[in-house]
1. Taking the Cα atoms of region B:174-297 alone, what are Rg (to one decimal) and Dmax (as a whole number) in Å?
2. Near A:I62, within a Cβ-to-Cβ distance under 13 Å, what is the net charge of the other residues, with Lys and Arg +1 and Asp and Glu -1?
3. If I take the Cα coordinates of the protein assembly as shown and project them onto the principal axes, what are the three extents in Å, biggest first?
4. At 27 angstrom or more along the helix axis (alpha-carbon based) and mean Kyte-Doolittle of -0.5 or higher, what helices does chain B contain? Whole DSSP H runs only.
5. Per residue, how big is the convex hull around the C-alpha atoms of region B:123-236? Give it to me in cubic angstrom, could you?
6. Treating only the Cβ of Lys, Arg, Asp and Glu as charged (+1, +1, -1, -1), what charge dipole size does region A:229-364 show about its Cα centre? Round to the nearest 20 debye.
7. Longer than 29 Å from Cα to Cα, which of A:K42/A:K113; B:K196/B:K223; A:K42/A:K349; A:K11/B:K141; A:K11/A:K360; B:K196/B:K300 are they? Say none if no pair is.
8. Which lysines does A:K318 reach when only Cα atoms under 22 Å apart count, and residues fewer than 8 places away in its own chain are ignored?
Amino acid sequence: MAQIRIESLRKEFGAFTAVQSSSFTIEDGEFFMLLGPSGCGKTTTLRMMAGLELPTAGEVFIDGDAVGQKPASQRDIAFVFQMFALYPHMNVRRNISYPLLSQGMARPQVRAKVGEVAEILGITDILDRPVGGLSGGDRQRVALGRAIVREPRAFFMDEPLGALDAEFREHMAEELRALHDRMGATTVYVTHDQLEAMQMGDKIVVMNHGVVEQFGVPQDIYDWPATMFVASFIGSPPMNFLRFDGMVGAGTDQVSLGEATIPVPTQRDGAHGKLALGVRPEHIRLLDDAPYRGEVVAAEYLGTTQIITLNTPHGEVKARIPSDRKVQIGARTGLDFDARTLTLFECDKGRALLSDANAKVLSNG
Amino acid sequence: MSSYSVTEPSLRQKWMAGILVILYAVITILPLLWIIATGFKSPADAIAYPPKVVFEPTLEGYVNLFTTRTRVTEETLAELGPPTTWYDRIVRQYDMIIAGPSRYGERFLNSIIIGFGSTFLCIILGTAAAYAFSRFRVPLKDDLLFFILSTRMMPPIAVAIPIFLMFRTLGLNDTHAGMILLYTAVNLSLSVWLLKGFIDEIPVEYEEAALIDGYTRFQAFYKVVLPQAATGIASTAIFCLIFAWNEYAFAVLLTSGTAQTAPPFIPTIIGVGGQDWPAVAAGATLFLVPVMVFTILLRKHLLRGITFGAVRK
């Protein structure tokens with residue numbers, strides 16, 4: 001239905017800058033996640049796209065139309081609020097019809113359309129109920145019904161599952177994704193839950209302090225984080241950082257950590273000073289004869305895997321290993337890193353150094 | 001025993017509570033009952049000592065309230081023939097005839113025009129101002145709100161003399177418009193503050209949803225915010241009306257011939273035909289009716305309005 005392009009979008013509230021010059025593009029039909037901790041500017045960005053806030057600078061394009069300064073009512077988009085915001089003085093049917101009534105659609109048509117939407121969402125039996133007594137899930141469905149009934153150019157959702165209990169979230173997340181696949185409409189979804197973002201999104205933008213840290217498909221963001229913030233925000237437990245002072249030259253394919261030499265993807269950038277070697281917990285194997293050593297301090301059993309916490313000369317490291325391997329607390333063991341998956345970071349700038357492995361991801365993000 | 005016990009109160013506590021409530025009710029209702037009863041007494045019964053609890057009801061007070069009467073000679077009475085209506089009959093007992101209507105009806109109508117007029121204005125202006133204060137970034141918002149509140153920090157009558165002079169200069173003395181404006185000005189601070197509280201409680205998402213759904217800001221206000229604020233508007237309207245309806249001091253000072261309201265008129269009845277307490281009581285009784293009706297009509301909203309914050313949170 002629509003491609004959405006954000007160009008140098010900026011929002012200031014008095015002296016506070018909520019969003020700093022963000023730019024990214026959401027392709028037609030994508031399920032797009034705006035991910036970040038609370039206060040990172042993701043909701044403000046979404047509200048600017050929807051027209052609920054006007055940007056201080058920059059522009060929003062929906063299908064090529066510059067809409068940045070237009071009111072929400074002229075953007076032909078739908079918004080699902082975290083608290084659902086169903087009109088409390090109307091019943092379910094009227095809530096869903098409300099956007100159609102504003103367009104002056106004839107009553108019989110409205111009725112047919114609402115019936116159709118209720119069918120899709122499975123809420124035909126509650127159409128004449130007041131919204132006050134509905135369960136969280138039904139409210140959510142009514143809110144979705146109100147959004148899809150008008151067939152808008154895009155859907156914007158602000159943590160729509162945030163108000164549901166954990167058990168039900170999973171179910172609604174699947175329903176939402178299925179609905180999106182069926183309608184094929186561009187959807188922008190704000191969440192602070194990285195699992196939700198990875199599970200549902202075609203693409204993810206990670207924001208922090210009003211800045212876009214990285215954007216791309218979930219796998220790229222997980223495997224090749226552009227910044228230390230992304231690396232530590234995504235993944236549970238997050239990426240480990242082995243911090244060291246040293247230098248890396250362009251073209252090297254190994255770094256020295258203490259006594260041990262660790263192979264890394266061939267570097268394209270050189271750097272020196274405070275560096276960090278980033279490694280995901282699942283890319284660590286515990287090998288008795290590996291040269292890099294650490295001491296086991298804790299083990300958490302998670303069913304199929306276990307998380308082992310180790311003390312190393314370069315900080316605490318968590319490794320995810322199969323749960324059938326017996327690990328003795330207090331034992332010293334060797335750590336073997338999967339060389340193809342490692343990323344080096346410059347600590348001062350917080351940015352990843354370009355290597356042969358992540359160049360493809362980082363050059364377009 | 002803690003004052004905040006969650007256990008069932010004992011029988012003694014229930015009795016105590018019941019007695020207190022009844023005592024309070026008697027204290028508040030007794031004067032009201034006295035006024036209503038006096039309205040139906042004859043002048044002699046009204047001043048009887050000890051006061052008569054059982055008496056023969058008469059509409060004399062009401063007739064006297066609505067009419068002016070003159071004493072005539074027996075010859076004139078004889079010429080007129082026997083009284084034709086029930087109220088003629090009442091008046092003739094005292095060798096009097098009805099000379100014409102009194103001004104009570106007029107004054108009552110003035111009260112209605114001025115009371116409801118100022119309430120209406122207060123609600124319109126108050127809702128608009130409260131909405132703006134609640135939803136928009138208004139420069140110096142807190143200072144403006146404090147200023148609005150500060151207009152009520154002294155009794156309004158303290159500025160009676162400047163207002164009197166101002167009204168005289170502007171030609172607002174003794175006009176309906178003048179009194180409506182005055183009561184609106186006095187009540188507006190109450191109405192803005194009360195309504196702002198009610199509108200603050202309405203989540204802004206409702207309006208945003210309406211904006212997204214293709215409605216303009218005004219439509220969103222009108223179709224989504226107003227129905228939500230109905231309870232608040234109703235209770236604010238009652239407060240405004242009660243103030244404007246009962247106001248006495250400004251009405252005495254600023255009105256006389258055309259725009260006089262009922263409160264300053266009722267005491268003047270005493271001077272006309274001796275101390276006619278039944279007529280005064282009848283005037284006061286009728287004066288209670290509109291506010292009572294208005295309050296009863298809106299009572300559902302009023303109750304919900306008062307508990308609004310407590311129930312929602």
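1. 20.2, 70
2. Neighbour charge sum, excluding A:I62 itself: -3.
3. Cα spread of the protein assembly as shown along its principal axes, largest to smallest: 137, 65, 55 Å.
4. Passing helices, by number: B:11-39, B:104-135, B:176-200, B:226-246, B:277-297.
5. Value for region B:123-236: 129 Å³ per residue.
6. Here region A:229-364 has a charge dipole of around 260 debye.
7. From the list (A:K42/A:K113; B:K196/B:K223; A:K42/A:K349; A:K11/B:K141; A:K11/A:K360; B:K196/B:K300), the Cα-Cα distance tops 29 Å for A:K42/A:K113; A:K11/A:K360.
8. Hits, sequence-local ones excluded: A:K274, A:K326.
Bear in mind these aren't lab numbers, they're just calculated from the coordinates by the rules spelled out. As the structure is a computational prediction, the values presented were derived from the model and not from experiment. FYI the Cβ positions are ideal-geometry reconstructions off the backbone, even for glycines, and counts take in every protein chain you see.
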